[in-house]
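The values are calculated or read from the model by the stated rules, or taken from the named source; none is laboratory data. What you see is a predicted model, and the numbers here were worked out from it, not measured in a lab. Here the Cβ is made from the backbone with ideal geometry for all residues, glycine too, and neighbour counts use every protein chain on show. Just so you know, the surface numbers come from the protein's heavy atoms only, side chains and all, with ligands and any DNA or RNA stripped out. Shrake-Rupley method; radii C 1.70, N 1.55, O 1.52, S 1.80 Å.
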Amino acid sequence: DTAVSQTPKYLVTQMGNDKSIKCEQNLGHDTMYWYKQDSKKFLKIMFSYNNKELIINETVPNRFSPKSPDKAHLNLHINSLELGDSAVYFCASSQTGTSGFNEQFFGPGTRLTVL
Amino acid sequence: SQELEQSPQSLIVQEGKNLTINCTSSKTLYGLYWYKQKYGEGLIFLMMLQKGGEEKSHEKITAKLDEKKQQSSLHITASQPSHAGIYLCGADLSGNTGKLIFGQGTTLQVKP
């Protein structure tokens, strides 16, 4: 009964490689997000998609490219990984309502380590 | 400086004690969300506040949003070891856009 799931949970890779993280939600939500949590536990939004359309695109290097094949999936592809990309990446989803955006439900996170 | 400031940054309390965590912004909080994170896990949604003066409770946790909608507090009554974790406040400062800005978190330890 996982609501928001991410794969993989852990990812260890070499600098310069390209990697992807996948996210799926079975809540029927129309909006999905990617967040990055750094080593100091500071959580910052990266992207948001509403009905497969990009609506939030923070100041993120263009090495990061999100892709939403459908409302239930939002994947994150990272090219040419750098040491500073090491962090925990969280996917989240929410449903827009009559009063706007509602609470976001988070996945378990993907801990990325770049060596 | 942070757009959303949490205090304290860390807290150690004896089991059974009450505690309060604060979340403050210089901007209007269009939506204020409290989450809890355990080490190595995702964020668990606790409560959402939208109206000035609103107060919500769940079990032993109460959250309030002030009338000006610039400060929220999270109060835990009779703390237990299960309350330990990182508490994060998140807020929409841009006017209901879905873009949440988070505070730096408050790490809570509860000593048995």
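Which residue is nearest to the other protein chains (Cβ to nearest Cβ), if the candidates are limited to region A:35-50 and must be of a type in the set (Lys, Arg) and within 14 Å of B:Leu100 (Cα to Cα)? Among those residues, the one meeting the criterion is A:Lys44. Is it the case that region B:40-61 has a residue that's closer than 30 Å to A:Phe47 by Cβ, more than 14 Å from chain A (Cβ to nearest Cβ) and part of a loop (DSSP other than H, G, I, E, B)? Within region B:40-61 (the criterion being closer than 30 Å to A:Phe47 by Cβ, more than 14 Å from chain A (Cβ to nearest Cβ) and part of a loop (DSSP other than H, G, I, E, B)), the answer is no, since none of the residues qualifies. Here the condition is being open to solvent by less than 20 Å² (accessible area, probe 1.4 Å), of a type in the set (Val, Ile, Thr) and at pLDDT 95 or above; of B:Ile21, B:Ile12, it holds for B:Ile21 alone. The set of residues in region A:63-98 that are of a type outside the set (Gly, Ala, Ser) and over 21 Å from A:Phe42 (Cβ atoms) comprises A:Lys67, A:Pro69, A:Asp70, A:Lys71, A:His73, A:Leu74, A:Asn75, A:His77, A:Asn79, A:Gln95, A:Thr96, A:Thr98. Among what's in region A:51-65 and is out of contact with any Ser or Thr (no Cβ under 9 Å at 6 or more places or on another chain) and outside any loop (DSSP other than H, G, I, E, B), pick the residue that is farthest from the other protein chains (Cβ to nearest Cβ). Ranking the candidates gives A:Ser65 first.
The rows are residues; the columns are (1) loosely packed, with under 13 Cβ neighbours inside 10 Å; (2) within 19 Å of B:Gly98 (Cβ to Cβ); (3) within 14 Å of chain B (Cβ to nearest Cβ); (4) within 11 Å of the chain's Cα centre (by Cα).
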position: A:Ser5; (1), (2), (3), (4): no, no, yes, yes
position: A:Met32; (1), (2), (3), (4): no, yes, yes, yes
position: A:Lys71; (1), (2), (3), (4): no, yes, no, no
position: A:Ser86; (1), (2), (3), (4): no, no, no, no
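The number of residues in region B:24-39 that are within 14 Å of another protein chain (Cβ to nearest Cβ), open to solvent by 60 Å² or more (accessible area, probe 1.4 Å) and under 23 Å from B:Lys56 (Cβ atoms) comes to 2.
Counting just the residues of region A:88-115 that are without any contact (Cβ under 8 Å) to a residue 40 or more places away in the chain and closer than 16 Å to A:Tyr49 by Cα, which one comes out surrounded by the fewest Cβ atoms within 10 Å (Cβ to Cβ)? That would be A:Gly97.
Checking A:Met46, A:Met15, A:Met32 one by one, the residue that is in contact with a helix residue (DSSP H, G or I) (Cβ under 7 Å, 6 or more places away or on another chain) and among the hydrophobic types (A, V, I, L, M, F, W, C) is A:Met15 and no other. Looking only at region B:66-112, residues that are of a type in the set (S, T, N, Q), open to solvent by 50 Å² or more (accessible area, probe 1.4 Å) and more than 30 Å from A:Thr96 (Cα to Cα) come to 5 in all.
Is it the case that region B:80-103 has a residue that's within 14 Å of chain A (Cβ to nearest Cβ), in a strand (DSSP E or B), closer than 23 Å to A:Asp38 by Cβ and without any contact (Cβ under 8 Å) to a residue 60 or more places away in the chain? Taking every residue of region B:80-103 in turn, at least one turns out to be within 14 Å of chain A (Cβ to nearest Cβ), in a strand (DSSP E or B), closer than 23 Å to A:Asp38 by Cβ and without any contact (Cβ under 8 Å) to a residue 60 or more places away in the chain. Among the residues making up region A:7-30, those that are open to solvent by less than 80 Å² (accessible area, probe 1.4 Å) and either over 13 Å from the mean Cα position of the chain (by Cα) or not polar (S, T, N, Q) (or both) are A:Pro8, A:Leu11, A:Thr13, A:Gly16, A:Asn17, A:Lys19, A:Ile21, A:Cys23, A:Leu27, A:Gly28, A:His29, A:Asp30.
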